[in-house]
Structure formats: structure tokens, C-alpha cells
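Visitor: I have a structure here, written as C-alpha cells, and I will follow up with some questions on it.
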Amino acid sequence: MTADVQSSEVVDRIVAVVNDDIILLSELDESFNPYAERIMASGYSLDEERRMLFNIREEILNQLIDQKLTDQQIKQSKITVGDDEIDKAIERLKEANLFTDEDLRGMLKAEGLTMEEYRERIKDQMLRAKLVNFEIKSKIVITKEDTESYYKNHSDKYSRIKKYRLSNIIMKVPSFASEKEKLGVLEKMEIVLTELKAGKPFDITAETYSESSYVSDKGGLGLFELKELSPKIQEAIKDMKTGEFTEVLDTDQGYQIFYIQEIVDAPGKSLEEASTEIEDMLYKEIVDKKFLSWIDELRKRSHIKIIK
């Protein structure tokens, strides 16, 4: 064998032993390299870059160990997924996203996946989901008392909600605009604001000046809770009354003026109305906690050796 051939070979080695399975350096690198490339391209200091690379590598190795452990449990529990189940899962995904076969294949091609590789990925996800259901979900019971307790302890979340019916006037600033062009747009908006302050009706002003796609609705945007709005807009309208408007705001979409059409106290949710939502939330929290405990217990009774 020539020196050139030897130098072009990729030397693989074992980085971890998990019971009767092994994890190779090539497996670790395949998962680690995309993260490493992003970190090294982000301009961190050398020390910070090394620290982040070390932590990410350790985290990914631990994830690979957990995957080996769950794969072993899937085999041990004789859990299987048939081709028809994979077909149905893919059909559900297509329906949810309004995808045709061509759309799906185009998406996979953009991600560098073949249909066979995608089916294998779906199969792995379904196998793990069945394992979690077998080991954890089937043993969880959310009682009526659990739901009532959560509802009482989070009464602010389910009480009456204040919502703002907003209109806006917007003048957009192109991403490539110069500072002079931005200033020109701002000056136009200040003129609009002057007209509003002089008493010109907001809806007529919006129809005249706004570049919003909602101009046919006289600038109407709909009902919003404060938390649904950006911090800048929240701060501008939180103490305003119906019929008032903001100053000119510099937002991600452009320069905007917001008008309070109406402030509505929307009814909250009763315990009966919120029960399903609360049960789903508690269920997910318990599943997440129990899964971590289950993996931890699995690790304790397994033979795991990390090879530096």
C-alpha cells in the first residue's frame, strides 16, 4: 500500500461501548460536525470556542448513548413498525402540510435525503414513540384533583383577558434603503402623525397613506393580547385608551402608528373548558420527567464505557 493511499484513509475508532453495542468516532463526528462548523464560524474567542465545542461534543455523545440504550430496549421489548404504519404517517404529514408527493420529494431533496432514508427516519421516530408509550405513557394517570389543583394555582392564566383591537398605518422601509431614504420615510410618517393629531379620522388616514395589506379594512389588524405583541408595541399601547394612537414606531416591518379601536375584556376559561388543555400540559410534563428518570435508571443498570 502506497503512502498516498494510507494518508487518504480515514481511521475510525470506538469512542463508547454501550452494553453489547459500540459507538464509532465516525458516528459521533457525523452528528457533531454541523454544530462545530457553526460554532467556529461565529467569531467566538479561542477559549470560548474550545469550551463550547467540548460541551457540545459531550452532549452529543451522551445523546448517542441514550439512542443505543433505547434501541436495545426496542429490540428487547420486540417493538416493531410495519411499512403500512410508515405509509400512514407520511400521508398524515402530507395532509397536514398540504403536500403532494412531488412537494415532499422536493423538500427531502433540499435536505439531502432520499425517500428511503426519510422512511427510515420516520420508522426510528415511531419505534421510539412506541417504546415511550410502552414504558412510560401507559403508566401515567392524570386525576381530576391534579387538574383542579393546577387550575387554582394558575388562576391568572384562566381569568378574564384584556385584548386590544388594533389598526395601523405603516410605511415600509426596503432592506437595502440608505439612511437618507429611511429618514425620508420617517418624515412622511411624521406628517401623517401631524394630520392625526389635527383630528383627521384614523380610518381615512390609513386608507390614504398606509402600505398595509389590510388597507381595505381601514387598517384593521384584529384582536391581540399584549403578550402577542412585540415589547416595543406593548410598551407603546399598554396604558392607552380606546380611540388613542401611538407615536411613530420603528418596527421590523417599517414605520408604524397603531390605533386602539377597542379594548375588550375577553372571558376567561372555566375549569371545564380548560381541563383538556391542562391535562395535556400535565401529561407532557410528567412524560418528560419520567423519561429522564427512566433513561437514568437504564444507564445505571447498563455497561457504559466512554473511551477518550
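The values are calculated or read from the model by the stated rules, or taken from the named source; none is laboratory data. This one's a predicted model, so the numbers in the text were calculated from it and none came from an experiment. Cβ coordinates were reconstructed from backbone atoms using ideal geometry, including for glycine residues, and neighbour counts include every protein chain displayed.
Visitor: Pairs, please: C-beta under 7 Å, at least 6 apart or cross-chain, first residue among the charged types (D, E, K, R) and in the stretch 260-285, second in a loop (DSSP other than H, G, I, E, B) and modelled with pLDDT of 85 or more?
Guide: Close Cβ pairs satisfying both conditions: 262/242; 279/142.
For (1) modelled with pLDDT under 85; (2) hydrophobic (A, V, I, L, M, F, W, C), each residue gets a yes or a no:
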{"residue": "159", "(1), (2)": "yes, no"}
{"residue": "168", "(1), (2)": "no, no"}
{"residue": "174", "(1), (2)": "yes, no"}
{"residue": "181", "(1), (2)": "no, no"}
{"residue": "192", "(1), (2)": "no, yes"}
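Visitor: What residue, of 269, 241, 290, is within 25 Å of the chain's Cα centre (by Cα) and either of a type outside the set (S, T, N, Q) or in the same structural domain as residue 192 (by TED's automatic domain parsing) (or both)?
Guide: Numbers: 269 fails: within 25 Å of the chain's Cα centre (by Cα); 241 fails: within 25 Å of the chain's Cα centre (by Cα).
Just a single option satisfies the conditions, and that option is 290.
Visitor: So which residues in the stretch 231-266 are touching a helix residue (DSSP H, G or I) at 6+ places or on another chain (Cβ under 8 Å), within 21 Å of residue 194 (Cα to Cα) and in a helix (DSSP H, G or I)?
Guide: 237
Visitor: Would you mind finding the one in 195, 225 that is under 16 Å from residue 259 (Cβ atoms), among the acidic types (Asp, Glu) and surrounded by 12 or more Cβ atoms within 10 Å (Cβ to Cβ)?
Guide: The unique qualifying residue is 195.
Visitor: Take residue 182 and tell me if it is in a helix (DSSP H, G or I), out of contact with any strand residue (DSSP E or B) (no Cβ under 7 Å at 6 or more places or on another chain) and not assigned by TED's automatic domain parsing to the domain that holds residue 290.
Guide: Numbers: in a helix (DSSP H, G or I): yes; out of contact with any strand residue (DSSP E or B) (no Cβ under 7 Å at 6 or more places or on another chain): yes; not assigned by TED's automatic domain parsing to the domain that holds residue 290: yes.
So residue 182 passes the test.
Visitor: From 98, 108, grab the single residue that is loosely packed, with under 11 Cβ neighbours inside 10 Å, within 23 Å of the chain's Cα centre (by Cα) and among the hydrophobic types (A, V, I, L, M, F, W, C). Please lay out each step first, then the result.
Guide: On the way: 108 fails: loosely packed, with under 11 Cβ neighbours inside 10 Å.
It is 98.
Visitor: Right, next: If we scan the stretch 209-230, do we find a residue that is in a loop (DSSP other than H, G, I, E, B), within 28 Å of the chain's Cα centre (by Cα) and at pLDDT 90 or above?
Guide: Yes - at least one qualifying residue is present in the stretch 209-230.
Visitor: Which of the residues that make up the stretch 129-157 are over 16 Å from residue 289 (Cα atoms), in contact (Cβ under 8 Å) with a residue 12 or more places away in the chain and not charged (D, E, K, R)?
Guide: The answer is 147, 150, 151.
Visitor: For the list (1) at pLDDT 90 or above; (2) loosely packed, with under 13 Cβ neighbours inside 10 Å; (3) under 24 Å from residue 212 (Cβ atoms), I need the number of the one condition that residue 252 fails.
Guide: (1)
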